[in-house]
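The values are calculated or read from the model by the stated rules, or taken from the named source; none is laboratory data. Model, not experiment: these values are computed from the prediction. Cβ placement follows ideal geometry from the backbone for every residue including glycine, while neighbour counts extend to all protein chains displayed. When the accessible area is computed, the model is the full protein with side chains, heavy atoms only, and any ligands, DNA or RNA have been set aside. Shrake-Rupley method; radii C 1.70, N 1.55, O 1.52, S 1.80 Å.
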Amino acid sequence: MGDVTVPRNATVKLAKVDGQLHLLDRARVQSEGESPIEVSGEVICEGDAEFEGSLNCSRLNIEHGRVEISGDLETSSDIEVEHGELWVHGSLEAGSVEVDSRLSVGKSATAHDFEVGGTLDIGGSINATKVDVGGSFKVEGDANVEDIDVGGRIQVNGKIQCERLDAGGSAEVGGGEISRIIDVGGSFRSYKPLKFDKIDVGGTAALDQGGEGRTIDVGGRFESKGDLTFESIDVGGMVDIAGNGEGEEVDIGGMLQVSGNLHLKRDLELGGTARIGGSLRLASLEVGGMIEADLIIAEDEVKIGGRLRTTRGTKAKTIQLGQRSEVLGVLVGEHVKIGDNARVEDVYADTLDMGEKVRARNVYAKDARFESRCRISGEVKYIDRIESEPDVEFAKPPLKTSDLPKPPL
């Protein structure tokens, strides 16, 4: 059978067409048997059309209509839908797919690229090099796509495997790997462990079972409900890690919460508040507000503007406390400088410099300097030298010794 035209509102049964199949508005084609309808040439649909069964053809072209295929669709080259929709209840396989309005596939879909102006829904898994959708993109299964670019919302319920994910609105994935960048204007969430290179999200980002990646840059809030491995975190608002964190450096404008340990190769800079359930180990620490931890160990400097609270203490090469700062827990450092009107407990230092009106419990230092109206409620032991203003109050006279008590950490 050569070229075939199905008239408007007509229904025909076909098995095979050796040529072109042309359907006019509201035409219907039924398969003569269980096998797909085979068309060696192009299928052209002008207006609405329906295929009862599966369709195999070289190319599918739809103009100004809604076309529904109850089975599978396979083309050896392209699918093009102009001002219309394509609904495939089975699976889809094509060279490339271009749809102006909506593409819905009930099962899995495979093509080199998908370009959809409105909505792309996949009931199974999708395999492609590129997916470009103007509105929303939803996949019930896995998504194996190198490049995903969506103007609105992305939802992948299975695992994702891609290089780049770009969404103007929001994106949700079921774990997997995004090897280059996650770029989302609003919110991003991964329900299972995610491996990534870079997360760049304007609003909020959440990893429900933790993950492993390189850089995290979030404008609002970042959350990991599981262990997290990273290089750097830069978040404007809040970071919450329910587990352990291990990385290079962290820079947060607002608040940091880690239920377990946080170990950094470099620095933590925090404008507001930090709560670490376990130990904090890093190169240097700078906190504008308050920090709580079981233990803090820094290779270089600890600088606190507000409150420092630890169970086992803080140890660093240099410890610097701001004016009116408050410390609960022992301080151990080579150089310790305490600002005016601060409150501390036990201090172990090589050199100690206390500002005016500082309150401390016990002091153990090689060299110590106390400014006006400091008050030490416990003992002071030193090795080389002590300097103090006349109005400094010592509960016990300072004792010069050749051997200081060992720090508890």
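The figures follow:
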item: Subset of the stretch 203-218 (residues that are farther than 16 Å from LYS265 by Cβ, in contact with a strand residue (DSSP E or B) (Cβ under 7 Å, 6 or more places away or on another chain) and open to solvent by 10 Å² or more (accessible area, probe 1.4 Å)); result: GLY203, THR204, ASP208, GLY211, ASP217
item: Some residue of the stretch 259-269 being more than 24 Å from ASP300 (Cβ to Cβ) and either hydroxyl-bearing (Ser, Thr, Tyr) or without any contact (Cβ under 8 Å) to a residue 24 or more places away in the chain (or both); result: yes
item: Members of the stretch 117-138 that are among the hydrophobic types (A, V, I, L, M, F, W, C) and closer than 20 Å to GLY185 by Cα; result: LEU120, VAL131, VAL133, PHE137
item: Matching entry among SER372, SER284, SER377 (being touching a residue at least 12 places away in the same chain (Cβ under 8 Å), crowded, with 19+ Cβ neighbours inside 10 Å and touching a Lys or Arg at 6+ places or on another chain (Cβ under 9 Å)); result: SER284
item: Extreme residue, farthest from SER402 (Cα to Cα), among residues of the stretch 342-382 that are outside any strand (DSSP E or B) and of a type in the set (A, V, I, L, M); result: ALA342
item: When residues of the stretch 111-130 are limited to those that are under 24 Å from the mean Cα position of the chain (by Cα) and open to solvent by 40 Å² or more (accessible area, probe 1.4 Å), the one nearest to ASP142 (Cα to Cα); result: ASN127
item: Of residues in the stretch 131-145 being within 21 Å of the chain's Cα centre (by Cα) and within 18 Å of GLY84 (Cα to Cα), the one surrounded by the fewest Cβ atoms within 10 Å (Cβ to Cβ); result: SER136
item: Contacts under 6 angstrom Cβ, first residue in the stretch 171-199 being open to solvent by less than 10 Å² (accessible area, probe 1.4 Å), partner of a type in the set (Ser, Thr, Tyr), 6 or more apart; result: VAL173/SER190; GLY174/TYR191; GLY175/SER190
item: Residue list for the stretch 19-71, filter: of a type in the set (Gly, Ala, Ser), open to solvent by less than 60 Å² (accessible area, probe 1.4 Å) and within 15 Å of LEU103 (Cα to Cα); result: ALA49, GLY65, GLY71
item: Contacts under 8 angstrom Cβ, first residue in the stretch 224-240 being touching a residue at least 12 places away in the same chain (Cβ under 8 Å) and assigned to a strand (DSSP E or B), partner basic (Lys, Arg) and buried (at least 18 other Cβ atoms within 10 Å of the Cβ), 6 or more apart; result: VAL235/ARG221; MET238/ARG221; VAL239/ARG221; ASP240/ARG221
item: Filter result (modelled with pLDDT under 95 and surrounded by fewer than 22 Cβ atoms within 10 Å (Cβ to Cβ)) within the stretch 222-248; result: ASP234, GLY236, GLY237, MET238
item: Residue that is nearest to LEU328 (Cα to Cα), among those in the stretch 342-369 that are open to solvent by less than 40 Å² (accessible area, probe 1.4 Å) and of a type in the set (Val, Ile, Thr); result: VAL344
item: Residue list for the stretch 81-94, filter: open to solvent by 30 Å² or more (accessible area, probe 1.4 Å) and more than 15 Å from LEU120 (Cβ to Cβ); result: GLU82, HIS83, HIS89, GLU93
item: Pairs where the first residue, in the stretch 382-409, is open to solvent by 70 Å² or more (accessible area, probe 1.4 Å) and the second is β-branched (Val, Ile, Thr), C-beta under 6 Å, 6+ apart; result: PRO408/VAL330
item: Strands (runs of 3 or more DSSP E) (entirely within the stretch 19-96) containing at least 1 residues that are modelled with pLDDT of 95 or more and polar (S, T, N, Q); result: 27-31, 55-57, 59-63, 73-75
